[in-house]
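Here's the structure, in structure tokens; my notes come after.
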Amino acid sequence: MLELIDTYWLYFLVGQYPNGPLGGLALTLALASLGLLLAMPLGLILGVARLSPWRALRWPVTALVFVVRGTPLLMVIFWAYFFLPTLTGAKTSQFGTMLIALVIFDGVYLAEIVRAGIVGLGRGQVEAARSLGLSHVQALRHVLLPQALRHMLPSLVNQFVSTIKETSLGYIIGLSEVSFIATQINTQVFTKPTQVYLCLGLTYFLLCFGLSRFAYWVEARVAARGRRRPLAGAPA
Amino acid sequence: MIRFEHVNKWYGAYQALVDVNETIAKGEVVVLCGPSGSGKSTLIRTLNRLEPIEGGRIEIDGKDIHAPGTDVNALRSRIGFVFQQFNLFPHMTALQNCTLAPVRLGRLSPAQADEQGRALLERVGLAHKADAYPAELSGGQQQRVAIARALAQKPPLMLFDEPTSALDPEMVGEVLTVIRGLASDGMTMICVTHEMGFAREVADRVLFMDAGKVLERATPADFFLRPQHPRAQQFLADIRSPFGNG
């Protein structure tokens, strides 16, 4: 086991880099963070669009949400891989393909979290904001979203953890992220699949566990501030 | 100032407002009462277009407010609305609740809004709670902040939707005192309430509604002493002795 780690740790961490493209755990991390960074604003926009009073905005987004939610991520990756190049005429890199698929897929799930967060506030807050003469957008920006985002924190973290795990599907289109690299190592060593995949599993676990612990910590801090700024519906 | 002409409204098959015709003059204080589900709240919510109407017209200062192309936000910013459940913004202090709209609508600079907000909180007796968050306030205090928030737009018209119904009994008085103060300043107001003592003392006129219709309009003295419509007589009997006469 130690010999295995000693031989392959660098390959596991960065793939063939610097003699080839970046891969391994570094690529997984890059993909997950970029995916989250781009999916979050997309989710916010889609979620808000789902609640828009303008049908021209609401209907197409609602359709997109239903289609993507009713589709496995693997299908979305295949679409991005095979269909997108025929549409744009340009060949997208494996990393780019996977990133697009992740951003669309997670953006849609985040949109539903955002929507639920806003709807969960109840009619009273919207009505109070609108009855003061604030526009729909002003009500969202100053009254609804600041409250909804705090309620949404636990669900958002769940989605972030999922994203990290979803990057492993990049394997299927030959993206040299950490699962792909682990499989390569397994092929080369051949005799130690248990150890190889144990290491891979541990790696994912530590990443996801670390992120959720971090999220708990953030949540506790928000809650501590919340003792001075309690949430809606808290008993007076 | 306000004019309802043949106003009809449905929720699906249920008719919530039935051919309402009414005129309310500037400076008038009108109390709307009637059993629950009679359309009182619906009626005042049509005035700031929280509810659409399906027939008739509603005019404020001669303008049809449900006409297509009406600037809803401008309309609403001229009408103060106070909710039964207060609906303060929980992530903002009492003062911030009062300054949000004037600043965002570009009416006042942040400094002016701050000054005005503090003056309004003073007026409702809560100057010392300016920096408190809603959850740190009692129900009565929250409702007084909500009134200050509505007043921050200097509205010519105030609407109150059962402002004391969600309050513990000992807090009803403090809120009614504030509303009474506004009435004596000559503000036009419509108040949905079951506080009959308050109605008798403050209202210029009482409207009694049942099943979406305005069945009786009278001065408070006439309404409480000599109700004409049988439904109004029954309603008054019910609220006076809720357990019946046996």
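Read-outs throughout are calculated quantities, based only on the coordinates presented, and are distinct from any laboratory measurement. None of the values given here were measured: they were computed from a predicted structure. Here Cβ is always computed from backbone atoms with ideal geometry, including for glycine, and neighbour counts include all displayed protein chains.
Sorted into 10 angstrom bins from 0, the C-alpha pair distances of region A:11-101 split as 15, 32, 35, 13, 4, 0 percent. Full extension of the segment from residue B:239 to residue B:111, taken as 0.36 nm per residue of separation minus the current Cα-Cα distance, would add 41.3 nm. Considering only A:63, A:180, A:85, and ranking their Cα positions along the charge dipole of region A:2-228 that arises from unit charges at the beta-carbon of Lys, Arg, Asp and Glu, the one farthest toward the positive end is A:63.
Taking the square roots of 5 times each eigenvalue of the Cα gyration tensor of region B:69-118, largest first, gives ellipsoid semi-axes of 19, 17, 8 Å. Pairs of C-alpha atoms in region B:185-232 farther apart than 13 Å represent 57 percent of all such pairs. The mean count of C-beta atoms from other chains within 10 Å of the C-beta of residues in B:133-142, rounded to a whole number, is 3. In order along region A:40-48, the Karplus-derived 3J(HN,Hα) couplings, from 6.51 cos²θ - 1.76 cosθ + 1.60 at θ = phi - 60°, round to 4, x, 4, x, 4, 5, 5, x, 5 Hz, and Gly and Pro are given as x.
Taking region A:2-228, how much of its Cα-Cα pair set, in percent, is spaced more than 27 angstrom apart? The answer is 45 percent, as a whole percent.
What residue among A:224, B:20, B:30 has its Cα farthest toward the positive end of the dipole of the protein assembly as shown, where the charges are +1 on Lys, Arg and -1 on Asp, Glu, each on the Cβ? Result: A:224, furthest along the dipole toward the positive end. Using only Cα positions of the protein assembly as shown, each an equal point scatterer, no hydration layer, compute I(q)/I(0) via Debye at q = 0.09, 0.11, 0.13 Å⁻¹ and quote the log10 values to two decimals. Scattering profile of the protein assembly as shown, log10 relative to I(0): -0.75, -0.95, -1.17.
Think of it as helices only: each DSSP H run of n ≥ 4 in the protein assembly as shown is worth -39500 (n - 2.57), and spread over all residues that comes to -17500 deg cm²/dmol at 222 nm. In this simple spin-label model, placing a label point 7 Å from the Cα along the Cα-to-Cβ direction at both residue B:211 and residue A:56 gives a separation of 4.5 nm.
Hydrodynamic radius of region B:104-159 by the Kirkwood approach over all distinct alpha-carbon pairs: 11.8 Å. Less than 5 angstrom separates the built amide H of residue A:15 from those of A:23, A:24, A:25, all sequence-distant by 5 or more or on a different chain.
Peptide A:132-145 shows a mean partner chain C-beta count of 5 within 10 Å per residue C-beta. Net charge in the neighbourhood of residue A:188 (other residues with Cβ under 15 Å of its Cβ; Lys, Arg +1, Asp, Glu -1) is -1. Note on region B:23-93: Cα-only Rg and Dmax are 14.0, 41 Å.
Mean partner shielding of peptide B:153-159, defined as the number of other chain Cβ atoms within 10 Å of each residue Cβ, is 1. Full extension of the chain segment joining residue B:168 with residue B:13 gains 52.2 nm, where the gain is 0.36 nm per residue of separation less the Cα-Cα distance.
Note on residue A:192 and residue A:22: with the Förster distance fixed at 30 Å, the Cβ-Cβ geometry gives a FRET efficiency of about 0.75.
Most simply put, region B:136-246 has about 50% antiparallel DSSP beta bridges, counting only bridges with both residues inside it. Compute a Gaussian network model of chain A, connecting alpha carbons closer than 10 Å, and tell me which residue from A:188, A:16, A:159 fluctuates the most. Of A:188, A:16, A:159, the Gaussian network model singles out A:188 as fluctuating most. To the nearest ten degrees, helix B:110-123 and the longest principal axis of the Cα atoms of chain B are 50 degrees apart.
Computed from the C-alpha gyration tensor, the three semi-axes of the ellipsoid equivalent to region B:32-175 are 27, 21, 11 Å, from longest to shortest. Say R0 is 41 Å: what FRET efficiency, to the nearest 0.05, do residue A:135 and residue A:10 get from their beta-carbon distance? Efficiency, from the Cβ-Cβ distance: 0.15. If you run the Gaussian network model on chain A, springs between alpha carbon atoms under 10 Å, then out of A:38, A:134, A:144 the most flexible one is A:134. With a cap of 15 neighbouring Cβ atoms within 10 Å, and only residues DSSP puts in a loop, list the GluC sites (Glu not before Pro) found in region A:122-177. Those that pass, being in a loop and sparsely packed, number zero.
Under the classification rounded if a/c is under 1.5, otherwise prolate if a/b is larger than b/c and oblate if not, where does region A:68-150 fall, given a ≥ b ≥ c as square roots of the Cα gyration tensor eigenvalues? Write down the numbers at each step before the final one.
On the way: a/c = 3.94, a/b = 2.82, b/c = 1.40.
The shape class here is prolate.
Over region A:2-228, Cα pairs under 8 Å with separation of 6+ residues give a relative contact order of 25 percent.
Assuming charge only on the beta carbon of Lys and Arg (+1) and of Asp and Glu (-1), the dipole of region A:2-228 about its Cα centre is about 1100 debye to the nearest 20. Taking every lysine pair in chain B that is 8 or more places apart or spans two chains, those with Cα atoms closer than 16 Å amount to 5.
Sparsely packed loop sites in region B:121-215 (the trypsin sites (Lys or Arg not before Pro) outside DSSP H, G, I, E and B with at most 14 other Cβ atoms within 10 Å) do not occur. The chymotrypsin sites (Phe, Trp or Tyr not before Pro) found in region A:51-87 that occupy coil by DSSP, while having at most 13 further C-beta atoms within 10 Å, are A:54.
Here the Gaussian network model covers chain A, with springs between Cα atoms less than 10 Å apart; of A:104, A:118, A:172, A:172 fluctuates the most.
Please list the equivalent ellipsoid semi-axes of chain B, computed as the square roots of five times the alpha-carbon gyration tensor eigenvalues, in descending order and whole angstrom.
Whole-Å semi-axes of the equivalent ellipsoid: 30, 23, 15.
Measuring between their Cα centroids, region A:182-226 and region B:70-99 lie 47 Å from each other.
Here region A:55-122 and region A:27-52 have alpha carbon centers that stand 10 Å from each other.
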